[in-house]
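Below is one structure; the comments refer to it alone.
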Amino acid sequence: MPKRSAIQRHEWFAVVVAFAYFFCVLAAYYVVRPVRDQLSAAVGSTQLPIFYAATFVATLVLAPLFGALVARFQRRRFVPIVYLFFIAGMIAFIPLFRAQHAIDARLLGSAFFVYGSVFNLFVVSVFWSFMADLFDAEQARRLFPVIALGGAAGAIAGPALTKALVFAVGVAGLLVVSSLLLGSAIACIFALSRWSQRHPVAGDERRNERVIGGGFWTGAMETLKSPLMRRFALLMLLGDAVGTVIYALLADYSGATFPTPEARTNFAASIDLCANILQAVLQVSVTRALMVRFGPAPALALDGAVKALMLAALAIFTGPWIAIVAVVTRASAYGVFKPAFDSLYTRVDAETRYKTKNFIDTSVWRFGDLVVTSGFNLLRGLGATLPGFAALAMLAAGSSGWIGWRAAHSKALAPEQKDIATAEQT
């Protein structure tokens with residue numbers, strides 16, 4: 001059997017544009033994420049349940065609107081609408097930050113935390129849903145790790161821009177930079193829509209024009225009644241539990257160590273920069289090789305194992321080790337777990353991709369944040385310390401790896417094209 005190229009000739013344009021699209025999306029997010037994170041550090045982890053409760057409510061309000069757009073508009077129309085909505089929100093914050101001396105800092109910080117969190121959930125979620133609708137399962141195994149590198153590059157450029165510009169242009173200037181990047185992402189969306197019309201998925205030639213029926217509650221009900229989707233939701237919750245515990249511990253460390261907003265912003269950007277560089281290394285050296293040759297199951301299991309090992313070390317070393325744990329676990333979550341987990345959605349129907357995935361990636365995720373941070377405060381009130389939190393998170397990480405392995409081998413998923421591994425080796 002002749003060796004199959006990793007990227008076919010007709011796929012190159014789509015891969016390059018999708019790479020640029022994800023670069024713009026992640027760079028836009030990571031330009032402003034350190035601003036959000038330094039606000040968390042300023043108030044401490046005890047206030048995080050309030051932040052996450054507000055974010056959860058905002059998600060519940062906006063998710064049905066997203067579902068209504070999906071139900072009414074073709075993909076090439078509603079995806080740009082989502083991005084335009086967040087550009088408008090970014091612009092609305094500019095005068096608020098310019099007049100921040102006259103606005104209560106906690107109130108402005110809470111509002112921006114909610115905006116930044118919802119931005120991350122919806123903008124990134126819709127990107128991967130869009131990708132899953134452009135390519136079939138075989139293409140996803142070959143192309144998703146390459147496309148994900150665009151996000152990795154953007155995630156490196158974003159915090160680097162923040163570190164370079166925050167003292168020169170201020171927060172308001174950073175919001176302008178982020179808005180321009182999102183505008184570039186919209187241009188990429190239109191280019192990919194035109195490409196998909198010329199190169200439709202085999203056997204589903206009208207996928208680009210299809211309107212997905214149903215709404216937000218369709219995704220919620222499907223998640224509850226489907227054993228496979230409940231497993232996906234549980235997998236998301238376990239991964240989120242690990243990340244949220246580490247985020248809370250890191251916020252407390254940053255607040256206690258760095259006295260000024262600028263120093264906390266710089267620290268948060270440094271964590272993002274290091275984590276995202278490591279994420280790119282993992283994608284190049286580990287994730288693509290695992291997914292192309294063996295599918296997503298080993299990548300999901302590896303992510304759980306890496307997180308468990310880092311948390312075990314945190315229980316021993318404590319203190320500044322939390323920064324290293326945050327870097328490694330974030331890199332694994334977005335460089336190993338996410339490409340593997342999202343590739344599973346190419347093996348389910350379009351209704352599931354757009355409704356159930358969005359419900360799990362938004363409402364389930366933020367509900368998990370609220371539960372974990374509330375439980376964090378409750379356990380701390382009962383006397384729990386850092387080693388205890390690390391042990392609980394380590395249990396969640398191990399469970400995530402096991403459930404991820406089982407989910408990837410579920411008989412409820414559509415069969416993969418197993419010959420790709422053989423073709424790569426021939």
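No lab work stands behind these numbers, since they all come straight from the coordinates. Predicted, not measured: the structure shown is a model, and the values here were computed from it. Methodologically, a virtual Cβ is constructed for each residue, glycine included, from the backbone with ideal geometry; neighbour enumeration extends over all protein chains shown.
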**Prompt:** Can you sort K225, K307, K338 so the residue with the fewest Cβ neighbours within 10 Å comes first?
**Reply:** K225, K338, K307
**Request:** Report, in debye and to the nearest 20, how large the dipole of the chain comes out about its Cα centre when Lys and Arg carry +1 and Asp and Glu carry -1 on their Cβ.
**Result:** 620 debye
**Complete:** With label points set 7 Å from each Cα along the Cα-to-Cβ direction at A99 and L60, the distance between them in nm comes to 3.1 nm
**Sum of -39500 (n - 2.57) over DSSP H runs of 4+, divided by residues of the chain (222 nm, nearest 500)** = -27000 deg cm²/dmol
**Prompt:** Using a simple spin-label model with points 7 Å from Cα along the Cα→Cβ vector, what separation in nm is obtained for L379 and I81?
**Reply:** 4.2 nm
**Prompt:** When you count, for each residue, the other Cβ atoms within 10 Å and take the mean per peptide, how do 28-41, 258-271 rank with the highest first?
**Reply:** 28-41, 258-271
**Request:** Take the Cβ-Cβ distance between Q8 and W402 as r, set R0 to 30 Å, and report the resulting FRET efficiency rounded to the nearest 0.05.
**Result:** 0.25
**Fill in**
Result: in the chain the number of Lys pairs with C-alpha under 17 Å apart, spaced 8 or more or on different chains, is 6
**Item:** Relative contact order %, the chain, counting alpha carbon pairs below 8 Å whose residues are six or more apart
**Value:** 30 percent
**Prompt:** Suppose every K and R has +1 on its Cβ and every D and E has -1 on its Cβ; what is the size of the dipole of the stretch 218-302 about the Cα centre, in Debye to the nearest 20?
**Reply:** 440 debye
**Prompt:** What full-extension length gain, to one decimal in nm, is calculated for A305 and H199 as 0.36 nm per residue of separation minus the Cα-Cα distance?
**Reply:** 34.3 nm
**Asked** Stretched out fully, how many nm does the piece from F294 to S184 gain, at 0.36 nm a residue minus the Cα gap?
**Response** 36.1 nm
**Prompt:** Hey, any idea what Rg/Rh is for the stretch 10-412, computing Rh the Kirkwood way over Cα pairs?
**Reply:** 0.94
**Fill in**
Per GNM of the chain with C-alpha springs under 10 angstrom, the most fluctuating residue out of L108, L249, L344 is L108
